[in-house]
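Asks: Handing you a structure now.
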Amino acid sequence: MSAQATDITPARSTKGGNFRRRLPGSLAWHLGSFAILAVILYPVIWVIGGSFKKSEEIIGSLDLFPGDPIVSNYTGLADGIADISISTFFVNSLTLALGSVVGILVSCSLTAYAFAKIRFAGRNLLFTLMIGTLLLPYHVLLIPQYVLFRNMDMINSYTPLLLGKYLATEAFFVFLMVQFMRNLPKELDEAARLDGCGHFRIYWSIVLPLCRPALITSAIFTFINSWNDFMGPLIYLNEPDKYTVSLGLKMFVDQEGVANYGGMIAMSLVALLPVLAFFLAFQRYLIDGMATSGLKG
């Protein structure tokens, strides 16, 4: 028994010594992580607390939480802004977001299939020119596009905001899908052609189901970008009943410069719910696709 005790005791002391040596480093790492987390979460907590404050308290106080919480910022949203219901802004934004998603998925996937699977003269040149459009700043094209749509009498409609989505003008999503389609096994296309399938049948029945991760990724980013877009609706929409949520937030500031900051923050939080719900609904497919996108059949 004494021999066994002699053998076991040094092992325990060694483990205890290693633990004591690692403790300061582990403690510092956890404290640093909590500090970074606090910095990241501070704006979120401030916004949530600010939605329960009065406008004058938001400006005149640095407190994180409201001293006298109120819910009128949320209940007041039911009254609308300038005789326009809040639901109108949400319906308009949802219409644009879903229309943009459909346009991107259809047009960009068709264009990507042509670049990835069909050999034609000038394919590489056209693909290079398409990628080059990513270097053009949005503001460079803003004035020419506005003049074009004005001459076509499309101002104050959703057409300028949706037309480009159905013409595959989003080069980033085309590039994303092209890279994904190029990694698909070529044997699938060859087997489909032996069975008598044409390009459209291969695209619809084989390529699209296998490109679900790229499609879902494009859908999520398109929905978020369209929902949060402020510049486009500001330029092309003139009537308040056609405004989106982003423009509706601007209406909390009246013509005299007096702002209802409490209502603005409350509506900002409510406006996040559709984006969060859309992401949560598709995140499982997105994660599964990212986990299996490197596997080849």
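Asks: Kindly evaluate D195 against the criterion of being among the charged types (D, E, K, R) and without any contact (Cβ under 8 Å) to a residue 24 or more places away in the chain.
Replies: yes
Asks: Could you check how many residues of region 55-69 are within 22 Å of L272 (Cβ to Cβ) and assigned to a loop (DSSP other than H, G, I, E, B)?
Replies: 4
Asks: Of the residues F115, F120, which single one is closer than 21 Å to A168 by Cα, in the same structural domain as G164 (by TED's automatic domain parsing) and surrounded by fewer than 13 Cβ atoms within 10 Å (Cβ to Cβ)?
Replies: From the options F115, F120, the qualifying one is F120.
Asks: Let me ask something additional. Mind checking which residues of region 66-83 are exposed (fewer than 15 other Cβ atoms within 10 Å of the Cβ) and at pLDDT 85 or above?
Replies: Matches in region 66-83: D68, P69, V71, S72, T75.
Asks: Residue under question is T159, and the condition is that it be surrounded by 12 or more Cβ atoms within 10 Å (Cβ to Cβ), out of contact with any helix residue (DSSP H, G or I) (no Cβ under 7 Å at 6 or more places or on another chain), farther than 19 Å from L237 by Cβ and not aliphatic (A, V, I, L, M); does it hold?
Replies: no
Asks: List every residue pair whose Cβ atoms lie under 8 Å apart, where the two residues are 6 or more positions apart in sequence or sit on different chains, the first residue falls within region 21-42 and is within 25 Å of F65 (Cβ to Cβ), and the second residue, located anywhere, is outside any helix (DSSP H, G or I).
Replies: Y42/L64
Asks: Being outside the structural domain of E57 (by TED's automatic domain parsing), modelled with pLDDT of 90 or more and touching a strand residue (DSSP E or B) at 6+ places or on another chain (Cβ under 9 Å) is true for just one of M231, M267. Which residue is that?
Replies: After ruling out the rest, the residue left standing is M267.
Asks: Within region 211-241, how many residues turn out to be surrounded by fewer than 17 Cβ atoms within 10 Å (Cβ to Cβ) and among the aliphatic types (A, V, I, L, M)?
Replies: Matching residues across region 211-241 total 4.
Asks: Now, a different point. Need the failing condition index for R22 against (1) farther than 30 Å from L163 by Cβ; (2) at pLDDT 90 or above, just the number.
Replies: The single condition R22 does not satisfy is (2).
Asks: So the check is Cβ under 6 Å with 6+ separation or different chains; which pairs have a first residue in region 255-271 that's farther than 11 Å from G50 by Cα and a second one that's at pLDDT 90 or above and part of a helix (DSSP H, G or I)?
Replies: A271/V245
Asks: Could you say whether any residue in region 138-154 is surrounded by 10 or more Cβ atoms within 10 Å (Cβ to Cβ), in contact (Cβ under 8 Å) with a residue 12 or more places away in the chain, in the same structural domain as L96 (by TED's automatic domain parsing) and of a type in the set (V, I, T)?
Replies: No, region 138-154 contains no residue that is surrounded by 10 or more Cβ atoms within 10 Å (Cβ to Cβ), in contact (Cβ under 8 Å) with a residue 12 or more places away in the chain, in the same structural domain as L96 (by TED's automatic domain parsing) and of a type in the set (V, I, T).
The values are calculated or read from the model by the stated rules, or taken from the named source; none is laboratory data. Quick caveat: nothing in here was measured; it's all calculated off a predicted structure. Cβ atoms come from the backbone with ideal geometry, glycine included; neighbour counts cover every protein chain shown.
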